[in-house]
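One structure is given below, encoded as structure tokens.
The values are calculated or read from the model by the stated rules, or taken from the named source; none is laboratory data. Note that the structure is a prediction, hence the values are computed from the model and not measured. Cβ atoms come from the backbone with ideal geometry, glycine included; neighbour counts cover every protein chain shown.
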Amino acid sequence: MGPPPAWCQSRRGTSAGLVVAPHGGMSPDPLLSAAAAGRRANDLHTASLARELAEKLGAASLINDAEDRNRLDLNRVRDVVDRAPWFLRELEALLDGILADHDTAVVLFVHGWHVEQAWCDLGVGARLGGPSEARERSDRLSASAEFVEGPLETFRRELEGRGIVATYGARWPAAHKNNVMRLFRRRPADEPPAPRLEEWVRRGRVEAVQLELGAPLRWPGRARDLFVEAVAHAFGESHPPRREKVRSLPLPTRPAPTPTRALSLQLFDPGWGPDGLGLIAGAMHLPGGAVGARLQLFPGAQQMGIFTGHGLPGAVLGVPNLHFEEHRGGFVLRFDGHVLRAEDGASFFLHEAHRADAELCEASVRLSYLETGGGFGRARGEVAFGARVHGIDAPAFAGLRLAGPGSGRGLRLFVAFDGAPPIRVLQLESPGAWRTDRLEGDAWLETKRAGRRIDHSGDTWLVEFDEHEPLVVRERTRVALLRPMGPGGYVHATVGVAHVTLGTLSGTGFYEERRPL
């Protein structure tokens, strides 16, 4: 059998380590087409990170540096057995070289978790509340209980000592029956596709861990440097893995979760530079008991900063980096963490190469929102993004979703006018059916109208209503992406900040337009 293809780099090392990056490639195809719906994202920057880890550890490595996982997924048992048997043979060859000189091999599978959180989720075959739970589930795990309680727990504490969240399979336990990590579990398969590997595992000579890494641990920057430092300190030859048991830290007591299911905030402050600052933030409970959160910053032109986070329910709604603290008449939004900053927000979701080029930077948000009625009010506070810190005092919408999950077509537009009540404009599912709502006190007054959208130049369009002044919209930012719609369905969505005029009124708002693929 021949060597691996040129895009999968195999290197021998001198230590007991083997670093594997199965998803280090990149999709060459546009991501906003119908053909791209449902595609899995590649784990950007894991190839370069795996090389760096292997160099630090003196470890062997097997790195997919180019192949799109949607064409060949080296982390799926069926794919490697049916279409890439060379991958299993190369794994065995590298492990054979390691075990000729070392009693035990330590295999680190490097993956990307698509959140902008400094979080490493350690997958060993089961979701563990702590290292002490490894013994009762030992036959399901890809690492021995002794390894989990000793070297892996030491590594987890090394990470937490550097400000990196580290958990045992909280989101990605490496338990799927088609995950290559299953080949390393202590309970053997009936017909193992890699017999030599199965024998080494049965004899306790291989310890394997899946590292699911948030973007800050993969993109170049201080967080990645700290992660590499922790790996080198825990598994490097100058600090060999210890076999003695480490006392488990007690699990923290979680407060009762807040009953609030979702909160959001959208605002635009014209005082930020020449183009103003747009902000969209939200958090909501997800199916399965988790909480998801997102922050998008639009600091002018086509620039965009984005944060996506994941967490568990708690006393406040949100995730560790972003949360809402409710109080009478409103809430406080707090964010401290990393965002990916793209010069062109439109291209960020269009090609993986553009996403990989985004810059990782830190941001913080402190905003107090006080509602005046109907999900509208005022936000005051401070936003720090990149090298800029800016005070915020702007009208804001809260709790208003731009479009519901079942909306397959239409336009949603929320506008805050200078010196006049805000409006929202909704294009209904049927062509020509529009609704314009104006906030009066605590209630939205709804009026259904017939209208039509007319496109002018690339960033300016208007909506003409029967017996009503036309609505002129000039896009300040334009970000295109795919959104899920129902089971297995997707829509093409365009979102952004817009300047709006309605007769003599002038204001700024947020729009989202959806079209079925």
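Taking the range 98-123 as the region of interest, how many residues are in a loop (DSSP other than H, G, I, E, B), modelled with pLDDT of 95 or more and under 21 Å from residue 311 (Cβ atoms)?
Qualifying residue count, the range 98-123: 5.
Just to be sure before I move on: is residue 343 closer than 30 Å to residue 66 by Cα, among the charged types (D, E, K, R) and out of contact with any strand residue (DSSP E or B) (no Cβ under 6 Å at 6 or more places or on another chain) in the structure I sent?
yes
Of the residues 145, 134, 118, 126, which single one is among the small types (Gly, Ala, Ser) and more than 21 Å from residue 171 (Cβ to Cβ)?
Sole residue among the options that is among the small types (Gly, Ala, Ser) and more than 21 Å from residue 171 (Cβ to Cβ): 145.
Can you find, within the range 192-222, the residue that is modelled with the lowest pLDDT among those that are buried (at least 23 other Cβ atoms within 10 Å of the Cβ) and among the small types (Gly, Ala, Ser)?
The qualifying residue modelled with the lowest pLDDT is 194.
What pairs can you find where one residue is in the range 263-275 and within 21 Å of residue 375 (Cβ to Cβ), the other is among the β-branched types (Val, Ile, Thr) and not in a loop (DSSP other than H, G, I, E, B), and their Cβ atoms are less than 7 Å apart, with a gap of 6+ or different chains?
Close Cβ pairs (under 7 Å, with a partner that is among the β-branched types (Val, Ile, Thr) and not in a loop (DSSP other than H, G, I, E, B)) amount to 266/280; 268/497; 268/508; 269/392.
Within the range 173-182, is there a residue that is of a type in the set (A, V, I, L, M, F, W, C), crowded, with 18+ Cβ neighbours inside 10 Å and within 17 Å of residue 234 (Cα to Cα)?
No, the range 173-182 has no match at all.
Filter the range 348-367 down to the residues that are surrounded by 18 or more Cβ atoms within 10 Å (Cβ to Cβ) and among the small types (Gly, Ala, Ser) and list them by number.
If the condition is that a residue be surrounded by 18 or more Cβ atoms within 10 Å (Cβ to Cβ) and among the small types (Gly, Ala, Ser), then 358, 363 are the ones that fit.
Filter the range 330-350 down to residues that are part of a strand (DSSP E or B) and more than 16 Å from the chain's Cα centre (by Cα), then give me how many there are.
Result for the range 330-350: 5.
Go through the range 343-381 and count every residue that is touching an Asp or Glu at 6+ places or on another chain (Cβ under 9 Å), over 21 Å from residue 24 (Cβ atoms), in contact (Cβ under 8 Å) with a residue 12 or more places away in the chain and not charged (D, E, K, R).
Qualifying residue count, the range 343-381: 9.
Just checking, how many residues over the range 124-141 are under 25 Å from residue 196 (Cα atoms) and outside any helix (DSSP H, G or I)?
Result for the range 124-141: 4.
Which one of these does residue 288 not meet: (1) of a type outside the set (D, E, K, R); (2) under 20 Å from residue 212 (Cα atoms); (3) part of a strand (DSSP E or B)?
(3) is the only condition that residue 288 fails.
Within the range 307-317, take every residue that is modelled with pLDDT of 95 or more and buried (at least 23 other Cβ atoms within 10 Å of the Cβ) and give me the one that is nearest to residue 341 (Cα to Cα).
This residue is 307.
Among (1) surrounded by fewer than 18 Cβ atoms within 10 Å (Cβ to Cβ); (2) modelled with pLDDT of 95 or more; (3) within 15 Å of residue 208 (Cα to Cα), where does residue 139 come up short?
For residue 139, the failing item is (2).
Scan the range 57-77 and tell me whether some residue there is over 27 Å from the mean Cα position of the chain (by Cα) and assigned to a helix (DSSP H, G or I).
Taking every residue of the range 57-77 in turn, at least one turns out to be over 27 Å from the mean Cα position of the chain (by Cα) and assigned to a helix (DSSP H, G or I).
What are the residues in the range 447-488 that are touching a residue at least 40 places away in the same chain (Cβ under 8 Å) and not in a strand (DSSP E or B), if any?
Those that are touching a residue at least 40 places away in the same chain (Cβ under 8 Å) and not in a strand (DSSP E or B): 476, 477, 478, 485, 486, 488.
Answer yes or no: is there a residue in the range 316-329 that is within 30 Å of residue 48 (Cβ to Cβ) and either in the same structural domain as residue 213 (by TED's automatic domain parsing) or in a strand (DSSP E or B) (or both).
yes
Within the range 75-95, identify whether any single residue is under 30 Å from residue 322 (Cβ atoms), in the same structural domain as residue 223 (by TED's automatic domain parsing) and touching a Leu at 6+ places or on another chain (Cβ under 7 Å), and answer yes or no.
Looking for residues that are under 30 Å from residue 322 (Cβ atoms), in the same structural domain as residue 223 (by TED's automatic domain parsing) and touching a Leu at 6+ places or on another chain (Cβ under 7 Å), one finds none in the range 75-95, hence no.
Per-residue answers, yes or no, for (1) hydrophobic (A, V, I, L, M, F, W, C); (2) touching a Gly at 6+ places or on another chain (Cβ under 8 Å); (3) modelled with pLDDT of 85 or more; (4) in the same structural domain as residue 30 (by TED's automatic domain parsing):
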| position | (1), (2), (3), (4) |
| --- | --- |
| 421 | no, no, yes, no |
| 424 | no, no, yes, no |
| 435 | no, no, yes, no |
| 466 | no, yes, no, no |
| 493 | yes, no, yes, no |
| 497 | yes, yes, yes, no |
| 507 | no, no, yes, no |
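State the number of residues belonging to the range 178-202 that are in contact (Cβ under 8 Å) with a residue 12 or more places away in the chain, assigned to a loop (DSSP other than H, G, I, E, B) and out of contact with any strand residue (DSSP E or B) (no Cβ under 9 Å at 6 or more places or on another chain).
Counting residues in the range 178-202 that are in contact (Cβ under 8 Å) with a residue 12 or more places away in the chain, assigned to a loop (DSSP other than H, G, I, E, B) and out of contact with any strand residue (DSSP E or B) (no Cβ under 9 Å at 6 or more places or on another chain) gives 5.
Is it true that residue 354 is assigned to a strand (DSSP E or B) and not aliphatic (A, V, I, L, M)?
Against the criterion (assigned to a strand (DSSP E or B) and not aliphatic (A, V, I, L, M)), residue 354 does not qualify.
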